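Notes follow the structure.
The values are calculated or read from the model by the stated rules, or taken from the named source; none is laboratory data. Keep in mind it's a predicted model, so treat the numbers as computed, not measured. Neighbour counts run over all protein chains shown; Cβ positions are idealised from the backbone, glycine included. Just so you know, the surface numbers come from the protein's heavy atoms only, side chains and all, with ligands and any DNA or RNA stripped out. Shrake-Rupley method; radii C 1.70, N 1.55, O 1.52, S 1.80 Å.
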Amino acid sequence: MNEYDSELVAGLLEKEEYTRTEVADDASLILVNTCSVREHAEKKVHDRLGNLKVFKDRNPEVKIGLLGCMAQNLKEDLLKSKPYVDIILGPDSYRKLPGMIALPVDTTENIVDTKLSRMEVYDDLFPARREGINAWISIMRGCDKFCTFCIVPFTRGRERSRSIDSIVDEVKLIRNDGFKEVTLLGQNVNSFHHEGRRFHELLHEVSQIEGIERIRYTSPHPQDFDDELIQVHASNPKVCNHIHFPLQAGSDEVLERMNRTYTKQHFLDLAQKMRDNIPGLALSTDMIVGFPGETEADFLETLDVMEQVKFDTAFTFKYSSRPGTKAAEFEDTVPEDDKQDRLQRMIAMQREHTLQRNREHIGERVEVLVEKNSKKSENQHQGRTRSNKIVIFDKAGEQPGDLVNVEIIDAQGITLFGRILD
Ligand code: SF4
(Lines give C-alpha, C1' and ligand atoms only; values in the text may rest on other atoms or scores of the structure.)
Protein backbone atom coordinates (compact mmCIF):
# COMPACT_ATOMS: atom_id res chain seq x y z
CA MET A 1 0.00 0.00 0.00
CA ASN A 2 2.85 2.36 0.79
CA GLU A 3 4.61 1.63 -2.50
CA TYR A 4 1.36 2.50 -4.23
CA ASP A 5 1.05 5.72 -2.24
CA SER A 6 4.63 6.68 -3.17
CA GLU A 7 3.74 6.19 -6.84
CA LEU A 8 0.57 8.22 -6.30
CA VAL A 9 2.54 11.13 -4.82
CA ALA A 10 5.11 10.88 -7.64
CA GLY A 11 2.21 11.05 -10.13
CA LEU A 12 0.78 14.11 -8.37
CA LEU A 13 4.14 15.92 -8.48
CA GLU A 14 4.91 14.93 -12.08
CA LYS A 15 1.58 16.47 -13.05
CA GLU A 16 2.91 19.71 -11.55
CA GLU A 17 6.04 19.30 -13.71
CA TYR A 18 8.43 18.23 -10.97
CA THR A 19 10.98 15.64 -12.06
CA ARG A 20 12.25 12.70 -10.10
CA THR A 21 15.87 12.02 -9.17
CA GLU A 22 17.28 8.96 -7.45
CA VAL A 23 20.29 10.98 -6.20
CA ALA A 24 19.56 12.69 -2.91
CA ASP A 25 22.32 15.26 -3.51
CA ASP A 26 20.48 16.49 -6.62
CA ALA A 27 17.11 16.80 -4.91
CA SER A 28 15.49 19.99 -3.74
CA LEU A 29 12.76 17.99 -2.05
CA ILE A 30 13.17 14.65 -0.27
CA LEU A 31 10.03 12.79 0.79
CA VAL A 32 10.01 9.79 3.10
CA ASN A 33 6.84 7.73 2.91
CA THR A 34 6.21 5.75 6.06
CA CYS A 35 4.38 2.84 7.59
CA SER A 36 3.83 2.27 11.27
CA VAL A 37 2.37 -1.21 11.15
CA ARG A 38 5.47 -2.68 12.78
CA GLU A 39 7.77 -1.30 15.42
CA HIS A 40 10.88 -1.92 13.33
CA ALA A 41 9.52 0.22 10.48
CA GLU A 42 9.18 3.21 12.81
CA LYS A 43 12.75 2.87 13.99
CA LYS A 44 13.97 2.71 10.37
CA VAL A 45 12.17 5.96 9.57
CA HIS A 46 13.68 7.72 12.60
CA ASP A 47 17.14 6.58 11.44
CA ARG A 48 16.46 7.61 7.85
CA LEU A 49 15.29 11.08 8.83
CA GLY A 50 18.39 11.40 11.01
CA ASN A 51 20.56 10.58 7.97
CA LEU A 52 18.71 13.07 5.76
CA LYS A 53 19.53 15.99 8.06
CA VAL A 54 22.95 16.19 6.43
CA PHE A 55 21.36 17.32 3.13
CA LYS A 56 19.53 20.09 4.90
CA ASP A 57 22.72 21.14 6.71
CA ARG A 58 24.57 21.24 3.38
CA ASN A 59 21.83 23.16 1.61
CA PRO A 60 19.15 24.89 3.72
CA GLU A 61 17.01 25.30 0.55
CA VAL A 62 16.34 21.54 0.52
CA LYS A 63 12.94 20.58 1.88
CA ILE A 64 12.36 17.34 3.74
CA GLY A 65 8.88 15.88 4.01
CA LEU A 66 7.43 12.97 5.91
CA LEU A 67 4.34 11.27 4.50
CA GLY A 68 2.04 8.40 5.44
CA CYS A 69 1.04 6.56 8.57
CA MET A 70 3.88 7.72 10.78
CA ALA A 71 3.07 11.31 9.96
CA GLN A 72 -0.37 10.58 11.29
CA ASN A 73 0.75 8.68 14.32
CA LEU A 74 3.91 10.40 15.47
CA LYS A 75 3.61 14.01 14.43
CA GLU A 76 3.99 15.43 17.96
CA ASP A 77 7.10 13.38 18.59
CA LEU A 78 8.59 14.30 15.19
CA LEU A 79 7.93 18.00 15.59
CA LYS A 80 10.00 17.90 18.77
CA SER A 81 12.71 15.42 17.80
CA LYS A 82 13.18 16.33 14.11
CA PRO A 83 12.42 20.06 13.80
CA TYR A 84 14.24 20.22 10.43
CA VAL A 85 11.44 18.21 8.81
CA ASP A 86 9.54 20.83 6.76
CA ILE A 87 6.37 18.99 5.84
CA ILE A 88 4.35 16.32 7.67
CA LEU A 89 1.40 14.95 5.71
CA GLY A 90 -0.92 12.09 6.64
CA PRO A 91 -2.19 9.55 4.08
CA ASP A 92 -5.36 11.53 3.28
CA SER A 93 -3.59 14.87 2.69
CA TYR A 94 -1.32 14.25 -0.31
CA ARG A 95 -3.27 16.68 -2.51
CA LYS A 96 -1.95 19.52 -0.34
CA LEU A 97 1.66 18.69 -1.18
CA PRO A 98 2.18 20.89 -4.29
CA GLY A 99 0.80 23.93 -2.45
CA MET A 100 3.03 23.27 0.54
CA ILE A 101 6.17 22.81 -1.54
CA ALA A 102 5.48 26.11 -3.29
CA LEU A 103 5.60 28.04 -0.01
CA PRO A 104 8.80 30.06 0.54
CA VAL A 105 11.63 28.05 1.97
CA ASP A 106 11.95 30.42 4.92
CA THR A 107 8.47 29.56 6.13
CA THR A 108 9.33 29.17 9.78
CA GLU A 109 6.69 26.72 10.91
CA ASN A 110 6.60 23.07 9.94
CA ILE A 111 3.64 22.46 7.75
CA VAL A 112 1.50 19.71 9.18
CA ASP A 113 -1.74 18.15 7.92
CA THR A 114 -2.67 14.74 9.21
CA LYS A 115 -6.46 15.01 9.20
CA LEU A 116 -8.17 11.80 8.17
CA SER A 117 -10.95 11.92 5.61
CA ARG A 118 -14.10 9.85 5.24
CA MET A 119 -14.15 10.55 1.51
CA GLU A 120 -10.65 10.73 0.06
CA VAL A 121 -9.86 7.79 -2.28
CA TYR A 122 -7.71 9.70 -4.82
CA ASP A 123 -10.09 8.48 -7.52
CA ASP A 124 -8.90 10.96 -10.12
CA LEU A 125 -5.15 10.68 -9.45
CA PHE A 126 -3.14 7.99 -11.18
CA PRO A 127 0.28 6.92 -9.90
CA ALA A 128 3.55 7.40 -11.81
CA ARG A 129 4.70 3.81 -12.16
CA ARG A 130 7.98 2.44 -13.33
CA GLU A 131 7.92 -0.14 -16.09
CA GLY A 132 7.15 -3.62 -14.95
CA ILE A 133 5.01 -6.70 -15.18
CA ASN A 134 2.79 -6.23 -12.16
CA ALA A 135 1.06 -2.98 -11.20
CA TRP A 136 -0.49 -2.29 -7.81
CA ILE A 137 -3.84 -0.55 -7.76
CA SER A 138 -5.46 0.70 -4.60
CA ILE A 139 -9.20 -0.01 -4.64
CA MET A 140 -10.06 1.22 -1.17
CA ARG A 141 -8.50 3.00 1.77
CA GLY A 142 -8.73 2.63 5.55
CA CYS A 143 -10.20 -0.19 7.62
CA ASP A 144 -13.18 -0.61 9.93
CA LYS A 145 -12.18 -3.93 11.47
CA PHE A 146 -10.27 -2.68 14.52
CA CYS A 147 -8.20 -5.77 15.20
CA THR A 148 -6.83 -4.98 18.63
CA PHE A 149 -3.14 -5.31 17.61
CA CYS A 150 -3.39 -3.07 14.54
CA ILE A 151 -2.71 0.63 14.19
CA VAL A 152 -4.14 0.94 10.64
CA PRO A 153 -7.69 2.10 11.54
CA PHE A 154 -6.11 4.94 13.53
CA THR A 155 -3.52 5.96 10.94
CA ARG A 156 -5.48 5.38 7.73
CA GLY A 157 -8.98 6.09 8.94
CA ARG A 158 -12.39 4.70 8.03
CA GLU A 159 -12.93 2.30 5.19
CA ARG A 160 -13.99 3.78 1.82
CA SER A 161 -13.98 2.28 -1.68
CA ARG A 162 -13.20 3.77 -5.08
CA SER A 163 -15.67 3.58 -7.92
CA ILE A 164 -15.44 0.54 -10.20
CA ASP A 165 -15.34 2.87 -13.23
CA SER A 166 -12.26 4.69 -11.99
CA ILE A 167 -10.48 1.43 -11.11
CA VAL A 168 -11.27 0.02 -14.56
CA ASP A 169 -9.94 3.22 -16.19
CA GLU A 170 -6.71 2.89 -14.23
CA VAL A 171 -6.32 -0.78 -15.20
CA LYS A 172 -6.77 0.17 -18.87
CA LEU A 173 -4.02 2.75 -18.52
CA ILE A 174 -1.57 0.29 -17.00
CA ARG A 175 -2.51 -2.24 -19.71
CA ASN A 176 -1.59 0.43 -22.29
CA ASP A 177 1.76 0.85 -20.49
CA GLY A 178 2.51 -2.85 -21.00
CA PHE A 179 1.62 -4.29 -17.59
CA LYS A 180 0.22 -7.82 -17.76
CA GLU A 181 -0.74 -8.37 -14.16
CA VAL A 182 -2.61 -6.26 -11.65
CA THR A 183 -2.73 -6.58 -7.87
CA LEU A 184 -5.76 -4.90 -6.30
CA LEU A 185 -4.87 -3.46 -2.94
CA GLY A 186 -6.72 -2.66 0.23
CA GLN A 187 -6.47 -3.29 3.96
CA ASN A 188 -9.53 -5.46 3.65
CA VAL A 189 -10.22 -5.87 -0.06
CA ASN A 190 -13.16 -8.22 0.16
CA SER A 191 -15.26 -5.71 2.03
CA PHE A 192 -14.99 -3.49 -1.07
CA HIS A 193 -18.38 -2.01 -1.93
CA HIS A 194 -19.31 0.93 -4.07
CA GLU A 195 -22.88 1.96 -4.93
CA GLY A 196 -24.12 -1.52 -4.08
CA ARG A 197 -21.49 -3.34 -6.10
CA ARG A 198 -19.09 -5.73 -4.38
CA PHE A 199 -15.61 -7.16 -4.69
CA HIS A 200 -16.43 -10.20 -6.85
CA GLU A 201 -18.16 -7.84 -9.30
CA LEU A 202 -15.06 -5.65 -9.44
CA LEU A 203 -12.92 -8.72 -10.21
CA HIS A 204 -15.29 -9.63 -13.02
CA GLU A 205 -15.14 -6.12 -14.50
CA VAL A 206 -11.33 -6.01 -14.38
CA SER A 207 -11.10 -9.45 -15.98
CA GLN A 208 -13.00 -8.13 -19.03
CA ILE A 209 -10.05 -5.86 -19.91
CA GLU A 210 -8.16 -7.36 -22.80
CA GLY A 211 -4.38 -7.55 -22.33
CA ILE A 212 -4.55 -8.03 -18.56
CA GLU A 213 -3.62 -11.67 -18.09
CA ARG A 214 -3.66 -12.07 -14.33
CA ILE A 215 -5.50 -10.49 -11.42
CA ARG A 216 -4.33 -10.75 -7.83
CA TYR A 217 -5.41 -8.96 -4.67
CA THR A 218 -4.32 -8.48 -1.11
CA SER A 219 -5.40 -8.71 1.66
CA PRO A 220 -8.81 -10.23 2.28
CA HIS A 221 -10.32 -10.75 5.73
CA PRO A 222 -11.63 -14.27 6.52
CA GLN A 223 -14.89 -12.86 7.92
CA ASP A 224 -15.80 -11.26 4.57
CA PHE A 225 -14.86 -14.17 2.32
CA ASP A 226 -18.13 -15.13 0.63
CA ASP A 227 -19.18 -17.87 -1.80
CA GLU A 228 -19.37 -15.41 -4.72
CA LEU A 229 -15.68 -14.64 -4.30
CA ILE A 230 -14.75 -18.33 -4.21
CA GLN A 231 -16.87 -18.80 -7.35
CA VAL A 232 -15.01 -16.04 -9.21
CA HIS A 233 -11.73 -17.82 -8.45
CA ALA A 234 -13.20 -21.12 -9.57
CA SER A 235 -14.68 -19.87 -12.83
CA ASN A 236 -12.60 -16.92 -14.04
CA PRO A 237 -9.19 -17.98 -15.36
CA LYS A 238 -7.71 -14.48 -15.03
CA VAL A 239 -8.33 -14.41 -11.27
CA CYS A 240 -5.25 -16.20 -9.97
CA ASN A 241 -5.46 -19.38 -7.92
CA HIS A 242 -3.56 -17.91 -4.99
CA ILE A 243 -5.28 -16.49 -1.93
CA HIS A 244 -3.54 -14.70 0.90
CA PHE A 245 -5.68 -15.76 3.85
CA PRO A 246 -4.49 -14.21 7.11
CA LEU A 247 -4.99 -16.54 10.08
CA GLN A 248 -3.14 -14.51 12.77
CA ALA A 249 -3.86 -17.14 15.47
CA GLY A 250 -5.53 -20.54 15.82
CA SER A 251 -6.94 -20.31 19.34
CA ASP A 252 -10.51 -19.01 19.65
CA GLU A 253 -9.62 -17.17 22.87
CA VAL A 254 -6.70 -15.38 21.21
CA LEU A 255 -8.77 -14.65 18.09
CA GLU A 256 -11.40 -13.09 20.30
CA ARG A 257 -8.87 -10.93 22.14
CA MET A 258 -7.52 -9.91 18.74
CA ASN A 259 -11.10 -9.00 17.67
CA ARG A 260 -10.65 -11.02 14.49
CA THR A 261 -14.40 -11.89 14.52
CA TYR A 262 -14.00 -15.49 13.28
CA THR A 263 -13.24 -18.80 14.98
CA LYS A 264 -10.67 -21.47 14.22
CA GLN A 265 -13.41 -23.70 12.78
CA HIS A 266 -14.78 -20.95 10.54
CA PHE A 267 -11.28 -20.41 9.15
CA LEU A 268 -10.69 -24.14 8.62
CA ASP A 269 -14.07 -24.61 6.91
CA LEU A 270 -13.38 -21.71 4.55
CA ALA A 271 -9.89 -22.96 3.69
CA GLN A 272 -11.37 -26.38 2.90
CA LYS A 273 -14.12 -24.85 0.77
CA MET A 274 -11.53 -22.86 -1.17
CA ARG A 275 -9.36 -25.91 -1.80
CA ASP A 276 -12.42 -27.99 -2.80
CA ASN A 277 -13.55 -25.41 -5.36
CA ILE A 278 -10.42 -23.78 -6.77
CA PRO A 279 -8.12 -26.09 -8.72
CA GLY A 280 -4.42 -25.89 -7.83
CA LEU A 281 -5.06 -23.27 -5.16
CA ALA A 282 -2.10 -21.96 -3.14
CA LEU A 283 -2.82 -20.44 0.27
CA SER A 284 -0.51 -18.06 2.08
CA THR A 285 -1.10 -16.53 5.48
CA ASP A 286 0.05 -14.17 8.24
CA MET A 287 0.53 -15.41 11.79
CA ILE A 288 1.45 -13.68 15.04
CA VAL A 289 3.06 -15.48 17.98
CA GLY A 290 3.16 -14.19 21.53
CA PHE A 291 -0.02 -12.09 21.50
CA PRO A 292 -0.79 -11.00 25.11
CA GLY A 293 -2.15 -13.95 27.06
CA GLU A 294 -1.18 -16.57 24.46
CA THR A 295 -0.49 -19.81 26.35
CA GLU A 296 1.41 -22.83 25.05
CA ALA A 297 -1.98 -24.51 24.52
CA ASP A 298 -3.17 -21.52 22.46
CA PHE A 299 -0.02 -21.68 20.37
CA LEU A 300 -0.56 -25.40 19.72
CA GLU A 301 -3.99 -24.47 18.28
CA THR A 302 -2.19 -22.30 15.72
CA LEU A 303 0.16 -25.15 14.83
CA ASP A 304 -2.89 -27.40 14.50
CA VAL A 305 -4.41 -25.07 11.90
CA MET A 306 -1.08 -25.04 10.08
CA GLU A 307 -1.04 -28.85 10.06
CA GLN A 308 -4.58 -29.03 8.74
CA VAL A 309 -4.31 -26.32 6.07
CA LYS A 310 -0.64 -26.77 5.11
CA PHE A 311 -0.18 -23.22 3.86
CA ASP A 312 2.09 -22.80 0.84
CA THR A 313 3.87 -19.87 2.48
CA ALA A 314 3.48 -17.75 5.60
CA PHE A 315 4.58 -14.42 6.96
CA THR A 316 5.32 -14.99 10.63
CA PHE A 317 5.66 -12.29 13.25
CA LYS A 318 6.48 -11.95 16.90
CA TYR A 319 3.87 -9.71 18.50
CA SER A 320 5.08 -6.24 19.28
CA SER A 321 2.88 -3.75 21.04
CA ARG A 322 1.83 -0.67 19.03
CA PRO A 323 1.07 2.34 21.25
CA GLY A 324 -2.45 3.59 20.62
CA THR A 325 -3.95 0.15 19.95
CA LYS A 326 -6.29 -1.69 22.31
CA ALA A 327 -3.86 -4.59 22.69
CA ALA A 328 -1.22 -2.19 24.00
CA GLU A 329 -3.38 -1.95 27.15
CA PHE A 330 -3.44 -5.73 27.67
CA GLU A 331 -1.22 -7.04 30.43
CA ASP A 332 -0.26 -10.66 30.63
CA THR A 333 2.58 -10.33 28.17
CA VAL A 334 4.40 -13.38 26.86
CA PRO A 335 8.12 -13.55 27.83
CA GLU A 336 10.49 -12.78 24.97
CA ASP A 337 12.12 -16.25 25.18
CA ASP A 338 8.76 -17.95 24.75
CA LYS A 339 7.90 -15.72 21.79
CA GLN A 340 11.21 -16.54 20.16
CA ASP A 341 10.83 -20.26 20.80
CA ARG A 342 7.30 -20.31 19.35
CA LEU A 343 8.40 -18.33 16.33
CA GLN A 344 11.22 -20.79 15.60
CA ARG A 345 8.88 -23.77 15.90
CA MET A 346 6.37 -22.08 13.62
CA ILE A 347 9.00 -21.24 11.01
CA ALA A 348 10.37 -24.80 11.09
CA MET A 349 6.91 -26.25 10.52
CA GLN A 350 6.16 -23.79 7.72
CA ARG A 351 9.43 -24.63 5.96
CA GLU A 352 8.41 -28.29 5.87
CA HIS A 353 4.95 -27.45 4.56
CA THR A 354 6.29 -25.09 1.89
CA LEU A 355 8.68 -27.73 0.61
CA GLN A 356 5.99 -30.40 0.74
CA ARG A 357 3.55 -28.24 -1.22
CA ASN A 358 6.19 -27.22 -3.75
CA ARG A 359 7.37 -30.78 -4.32
CA GLU A 360 3.82 -31.70 -5.34
CA HIS A 361 4.44 -29.64 -8.48
CA ILE A 362 7.46 -31.63 -9.70
CA GLY A 363 6.58 -33.15 -13.07
CA GLU A 364 3.72 -30.67 -13.67
CA ARG A 365 3.46 -28.41 -16.70
CA VAL A 366 2.68 -24.86 -15.55
CA GLU A 367 2.10 -21.49 -17.16
CA VAL A 368 4.71 -18.95 -16.07
CA LEU A 369 4.65 -15.18 -16.52
CA VAL A 370 8.27 -14.17 -17.16
CA GLU A 371 9.32 -11.33 -14.81
CA LYS A 372 13.09 -10.71 -14.91
CA ASN A 373 16.54 -12.25 -14.85
CA SER A 374 17.03 -14.67 -12.00
CA LYS A 375 19.15 -13.28 -9.17
CA LYS A 376 21.77 -15.98 -9.57
CA SER A 377 22.34 -16.09 -13.33
CA GLU A 378 21.85 -13.84 -16.35
CA ASN A 379 21.26 -17.02 -18.36
CA GLN A 380 18.12 -17.78 -16.39
CA HIS A 381 14.74 -16.12 -16.09
CA GLN A 382 12.52 -15.82 -13.06
CA GLY A 383 8.77 -15.91 -13.39
CA ARG A 384 5.64 -16.76 -11.46
CA THR A 385 2.89 -19.34 -11.77
CA ARG A 386 -0.74 -18.30 -11.40
CA SER A 387 -0.52 -19.76 -7.91
CA ASN A 388 2.24 -17.21 -7.14
CA LYS A 389 5.17 -19.66 -7.00
CA ILE A 390 8.54 -18.39 -8.16
CA VAL A 391 10.00 -20.50 -10.99
CA ILE A 392 13.58 -20.33 -12.28
CA PHE A 393 14.43 -21.73 -15.72
CA ASP A 394 17.08 -21.43 -18.45
CA LYS A 395 16.38 -18.73 -21.02
CA ALA A 396 15.16 -19.84 -24.42
CA GLY A 397 14.44 -16.56 -26.24
CA GLU A 398 11.41 -15.44 -24.20
CA GLN A 399 11.10 -11.88 -22.84
CA PRO A 400 9.76 -10.41 -19.57
CA GLY A 401 6.00 -10.17 -19.91
CA ASP A 402 5.70 -13.37 -21.98
CA LEU A 403 3.60 -16.30 -20.83
CA VAL A 404 5.50 -19.58 -21.30
CA ASN A 405 4.90 -23.22 -20.48
CA VAL A 406 7.42 -24.75 -18.10
CA GLU A 407 7.85 -28.25 -16.73
CA ILE A 408 8.75 -28.25 -13.03
CA ILE A 409 11.80 -30.41 -12.37
CA ASP A 410 12.81 -29.49 -8.82
CA ALA A 411 11.70 -27.61 -5.69
CA GLN A 412 13.94 -26.06 -3.08
CA GLY A 413 12.62 -23.87 -0.28
CA ILE A 414 10.14 -21.39 -1.73
CA THR A 415 11.50 -21.75 -5.28
CA LEU A 416 10.57 -24.09 -8.12
CA PHE A 417 13.00 -24.94 -10.89
CA GLY A 418 11.79 -25.73 -14.38
CA ARG A 419 12.54 -26.44 -18.02
CA ILE A 420 10.87 -24.39 -20.70
CA LEU A 421 8.66 -26.39 -23.07
CA ASP A 422 8.28 -25.75 -26.81
S1 SF4 B 1 -8.30 -6.07 9.07
FE2 SF4 B 1 -7.36 -5.88 11.12
S3 SF4 B 1 -5.17 -6.25 10.70
FE4 SF4 B 1 -6.08 -5.76 8.71
S5 SF4 B 1 -5.84 -3.53 8.50
FE6 SF4 B 1 -7.86 -3.86 9.40
S7 SF4 B 1 -7.55 -3.69 11.64
FE8 SF4 B 1 -5.53 -4.01 10.67
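Any residue in the stretch 270-287 that is assigned by TED's automatic domain parsing to the domain that holds residue 236, within 16 Å of the ligand (Cβ to nearest atom) and either aromatic (Phe, Trp, Tyr) or at pLDDT below 95 (or both)? Reasoning before the result, please.
Restricting attention to the stretch 270-287, the residues satisfying the condition of being assigned by TED's automatic domain parsing to the domain that holds residue 236 are 270-287.
From what's left, within 16 Å of the ligand (Cβ to nearest atom): 270, 284-287.
Now drop any that are not either aromatic (Phe, Trp, Tyr) or at pLDDT below 95 (or both), which leaves none.
Checked against the condition, which is being assigned by TED's automatic domain parsing to the domain that holds residue 236, within 16 Å of the ligand (Cβ to nearest atom) and either aromatic (Phe, Trp, Tyr) or at pLDDT below 95 (or both), the stretch 270-287 yields no hits at all.
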> Quick one: how many residues across the stretch 381-394 are without any contact (Cβ under 8 Å) to a residue 24 or more places away in the chain and either open to solvent by less than 20 Å² (accessible area, probe 1.4 Å) or more than 21 Å from residue 181 (Cα to Cα) (or both)?
Replying inline: 3
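Results for (1) at positive phi; (2) surrounded by fewer than 22 Cβ atoms within 10 Å (Cβ to Cβ), shown as yes or no for each residue.
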site: 17; (1), (2): yes, yes
site: 21; (1), (2): no, yes
site: 28; (1), (2): no, yes
site: 32; (1), (2): no, yes
site: 56; (1), (2): no, yes
site: 72; (1), (2): no, no
site: 88; (1), (2): no, no
site: 93; (1), (2): no, yes
> Out of the stretch 175-194, which residues are more than 14 Å from the ligand (Cβ to nearest atom) and not in a loop (DSSP other than H, G, I, E, B)?
Replying inline: 175, 176, 181, 182, 183, 184, 193, 194
>> Looking at residue 165 and the list (1) in a loop (DSSP other than H, G, I, E, B); (2) over 17 Å from residue 8 (Cα atoms); (3) at pLDDT 85 or above, which single condition is not satisfied?
In response: (1)
>> When the residues of the stretch 319-340 are narrowed to those that are modelled with pLDDT of 95 or more and basic (Lys, Arg), which ends up most open to solvent (accessible area, probe 1.4 Å)?
In response: 326
>> Quick check on residue 157: is it at positive phi and open to solvent by 30 Å² or more (accessible area, probe 1.4 Å)?
In response: no
> In the stretch 141-154, how many residues are assigned to a helix (DSSP H, G or I) and either more than 9 Å from residue 325 (Cα to Cα) or open to solvent by less than 10 Å² (accessible area, probe 1.4 Å) (or both)?
Replying inline: 2
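For the subset of the stretch 256-267 comprising residues that are farther than 26 Å from residue 184 by Cβ and not β-branched (Val, Ile, Thr), which member is farthest from the ligand (Cβ to nearest atom)? Full working, then the answer.
Just the residues of the stretch 256-267 that are farther than 26 Å from residue 184 by Cβ, to begin with: 256-257, 263-265.
Applying the additional criterion that residues be not β-branched (Val, Ile, Thr) yields 256-257, 264-265.
Working: 256: 14, 257: 13, 264: 17, 265: 20 Å.
Looking at the filtered set, the residue picked out is 265.
Does the stretch 253-268 include one or more residues that are acidic (Asp, Glu), touching a residue at least 40 places away in the same chain (Cβ under 8 Å), more than 26 Å from residue 4 (Cα to Cα) and surrounded by fewer than 19 Cβ atoms within 10 Å (Cβ to Cβ)?
Initial filter on the stretch 253-268 (acidic (Asp, Glu)): 253, 256.
This time we only want the ones that are touching a residue at least 40 places away in the same chain (Cβ under 8 Å), so: 253.
Then drop every residue that is not more than 26 Å from residue 4 (Cα to Cα), which leaves 253.
Cutting the leftovers down to surrounded by fewer than 19 Cβ atoms within 10 Å (Cβ to Cβ) gives us 253.
Within the stretch 253-268, one or more residues are acidic (Asp, Glu), touching a residue at least 40 places away in the same chain (Cβ under 8 Å), more than 26 Å from residue 4 (Cα to Cα) and surrounded by fewer than 19 Cβ atoms within 10 Å (Cβ to Cβ).
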> Which ones in the stretch 118-140 are open to solvent by 30 Å² or more (accessible area, probe 1.4 Å), within 16 Å of the chain's Cα centre (by Cα) and over 21 Å from residue 193 (Cβ atoms)?
Replying inline: 134
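Can you say whether residue 223 is within 16 Å of the ligand (Cβ to nearest atom) and open to solvent by 10 Å² or more (accessible area, probe 1.4 Å), as far as the supplied structure shows?
Details: within 16 Å of the ligand (Cβ to nearest atom): yes; open to solvent by 10 Å² or more (accessible area, probe 1.4 Å): yes.
Criteria met by residue 223.
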>> Can you report the number of residues in the stretch 120-174 which are touching a residue at least 12 places away in the same chain (Cβ under 8 Å) and within 13 Å of the ligand (Cβ to nearest atom)?
In response: 19
>> Return the pair list, or none, for Cβ contacts closer than 7 Å from residues in the stretch 210-223 that are outside the structural domain of residue 264 (by TED's automatic domain parsing) to residues that are near the ligand (Cβ under 9 Å from one of its atoms) and charged (D, E, K, R), at least 6 apart or on different chains.
In response: none
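Which of the residues spanning the stretch 194-206 are of a type outside the set (A, V, I, L, M) and either on the phi > 0 side of the Ramachandran plot or touching a strand residue (DSSP E or B) at 6+ places or on another chain (Cβ under 6 Å) (or both)?
First, the residues of the stretch 194-206 that are of a type outside the set (A, V, I, L, M): 194-201, 204-205.
Hits for the stretch 194-206 are 194, 195, 196.
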